[in-house]
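Structure record follows, encoded as structure tokens.
All of the numbers you see were taken from the coordinates with simple rules; none came from a lab. Being a predicted model, the structure only gives us computed values, none of them experimental. Methodologically, a virtual Cβ is constructed for each residue, glycine included, from the backbone with ideal geometry; neighbour enumeration extends over all protein chains shown.
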Amino acid sequence: MCEIGDTGGSEDTVGAAFGALLEDSAEDLYEHAPCGYLSTLMDGTIAKINTTLLGWLGHGRADLVGRRRFADLLTVGGRIYHETHIAPMLAMHGEAGGLALELRTADGTRIPVLVTSTVKKGEDGTAQLIRSTIFDARDRRAYEEELLRARRQADDERDRARELAAILQRTLLPPALPAVPGMEAAAYYHPASADEVGGDFYDLFPLTGDTWGFFLGDVSGKGAVAAAVTSLARYTLRAAAVYDPDPVGVLANLNTVLNQEFHGADPRYCTAIYGALTPEPGGYGITLASGGHPPAILVRADGTTEFLDTPGGMLVGAVPNARFTRIGLHLAPGDTLLLYSDGLTEARTAAGRDRYSEEQLLEFLTTRASTTAPALIAALTALLTGFGDGVEDDTALLALSIPARTRP
């Protein structure tokens with residue numbers, strides 16, 4: 001019984017102490033609330049203000065009550081906004097919430113605040129007072145400014161990264177194609193992303209005598225490592241063509257280099273087409289070899305369009321002794337040869353989001369018989385642009401044509 005009595009006494013003591021905490025007067029709660037309270041007449045004259053808000057403003061109660069209006073406490077922009085928006089809103093709806101304003105203190109500094117106001121009405125429905133609750137938003141403003149600063153910094157860093165990616169991308173492509181006697185050449189590169197360096201590449205360059213070399217390829221992956229592989233592939237192809245211009249030998253040389261350099265935990269490889277141009281009566285003779293790349297397309301002057309398959313051509317750099325095959329053809333006046341990467345034939349069309357197939361590409365080119373390399377690249381550029389964000393991979397295009405009734 002004694003223990004029960006002791007427990008009851010302890011509970012009574014705790015209850016009494018807790019009750020004492022709750023005996024704060026309503027006036028004290030109003031005056032020292034963690035937010036500002038303000039009551040004004042309908043014309044804005046301050047009728048009542050709590051101690052918390054007075055402390056923020058640095059004014060005495062006698063300086064404000066009955067002497068100043070709420071709008072007088074605002075910045076110039078805040079006063080204009082109050083007169084043109086807040087006052088009409090209160091008159092029409094009787095309340096206005098979440099208003100971001102700035103108060104001017106006695107020493108001229110600014111305090112960002114959030115204000116919620118309601119109109120108190122009498123029994124007859126007549127508006128009597130405007131009651132406002134004011135929250136200090138300085139911490140929130142500082143947080144928002146820090147977020148804004150961080151966002152601007154991130155935007156600046158992204159812009160710099162994009163600029164570096166664009167500069168690096170330009171170094172991996174020829175600035176301009178050389179003029180080949182009796183032939184027209186055109187190329188286009190479509191990046192799928194401005195943030196990363198792609199792995200597509202192409203080139204056209206002179207060899208000994210009247211012969212020329214050209215190639216187009218696609219390195220696996222993106223980014224800095226893909227850029228390094230792309231650079232190595234371009235210079236290896238050029239060097240190998242000078243040593244041995246046979247297209248199969250050129251790709252075999254590139255295969256050896258890539259396989260030796262990137263055979264570890266992060267293997268790298270590419271697809272590529274290499275071709276050699278030799279002047280012939282009535283046009284150019286072309287020898288092509290392909291390593292795992294989409295087949296080139298020949299658009300004849302008479303409207304015939306065909307894929308130039310090189311069966312058995314393996315990925316370049318994937319295995320030590322990759323196999324490549326060659327084919328030969330004659331490019332006559334009015335004929336155009338197109339090389340492309342799979343960013344074109346794997347793009348998603350605007351309608352239905354289906355992949356743009358090689359068959360659709362062949363049909364598209366069939367309607368452009370007896371075209372020129374620049375005209376064909378312009379048409380394909382427009383096609384890619386029409387796909388919008390459906391182009392999910394970088395795309396390289398290279399076209400060679402013999403002008404109609406022209407001899408090299």
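Worth pointing out:
- Nearest-0.05 FRET efficiency for F135 and A91, computed from C-beta distance (R0 30 Å): 0.80
- If R0 is taken as 41 Å, the Cβ-Cβ distance between D389 and R300 corresponds to a FRET efficiency of 0.75.
- 3J(HN,Hα) along region 111-123, derived from phi through the Karplus expression 6.51 cos²θ - 1.76 cosθ + 1.60 where θ = phi - 60°, amounts to 10, x, 9, 10, 10, 10, 10, 9, 9, 8, 10, x, 4 Hz, with x in place of Gly and Pro.
- Using the average count of surrounding beta-carbon atoms within 10 Å as a protection proxy, the listed peptides 388-398, 301-311, 43-53 rank, highest first, as 388-398, 43-53, 301-311.
- Crossing angle, helix 223-243 versus the chain [Cα axis fit, 0-90 degrees, rounded to tens]: 10 degrees
- Under the criterion of Cα pairs below 8 Å and six or more residues apart, the relative contact order for region 77-225 equals 12 percent.
- Pairs of Cα atoms nearer than 8 Å and 6+ residues apart set the relative contact order; for the chain it is 13 percent.
- Protection proxy ranking for 59-71, 223-235, using the average of other Cβ atoms within 10 Å per residue and placing the highest first: 223-235, 59-71.
- Point-to-point label distance, A224-R69, nm (Cα→Cβ direction, 7 Å offset): 6.3 nm
- Helix-only mean residue ellipticity at 222 nm for the chain, each DSSP H run of n ≥ 4 adding -39500 (n - 2.57), per residue, nearest 500: -11500 deg cm²/dmol
- Rounded to the nearest 20, the Cβ-based charge dipole of the chain about its Cα centre (Lys and Arg +1, Asp and Glu -1) stands at 1480 debye.
- Sites R368 and T211, calculated FRET efficiency, Cβ-Cβ separation with R0 25 Å, nearest 0.05: 0.35
- Peptide packing for 82-90, 143-151 was compared via the average number of neighbouring C-beta atoms within 10 Å per residue; ordered from the highest value, the list is 82-90, 143-151.
- Fully extended contour minus Cα-Cα distance, from T105 to K121, at 0.36 nm per residue: 2.7 nm
- Charges were assigned to the Cβ only: +1 to each Lys and Arg, -1 to each Asp and Glu. The resulting dipole of region 152-310 about its Cα centre is roughly 260 debye.
- Phi-derived couplings, Karplus 6.51 cos²θ - 1.76 cosθ + 1.60 at θ = phi - 60°, listed residue by residue for region 390-403: x, 7, 9, 9, 4, 9, 10, 10, 9, 10, 10, 9, 9, x Hz, with x used for Gly and Pro.
- Furthest towards positive pole of dipole, L172, Y202, S117, structure part region 73-219, Cβ charges: S117
- Region 278-357: relative contact order as a whole-number percent, Cα under 8 Å and 6+ apart: 33 percent
- Overall, region 28-112 carries a charge dipole of about 160 debye about its Cα centre when +1 sits on the Cβ of Lys and Arg and -1 on the Cβ of Asp and Glu, all other atoms neutral.
- Selected from F214, F135, F324 as most flexible by GNM, with the chain as the system and alpha-carbon contacts under 10 Å: F135
- For region 203-219, Karplus couplings with θ = phi - 60° (6.51, -1.76, 1.60), whole Hz, Gly/Pro x: 6, 9, 8, x, 10, 6, x, 9, 8, 9, x, 8, 7, 8, x, 9, 8
- For region 262-290 and region 80-112, distance of Cα centres in Å: 72 Å
- Leading residue at positive end of dipole, the chain (Cβ point charges), from L38, P88, N50: P88
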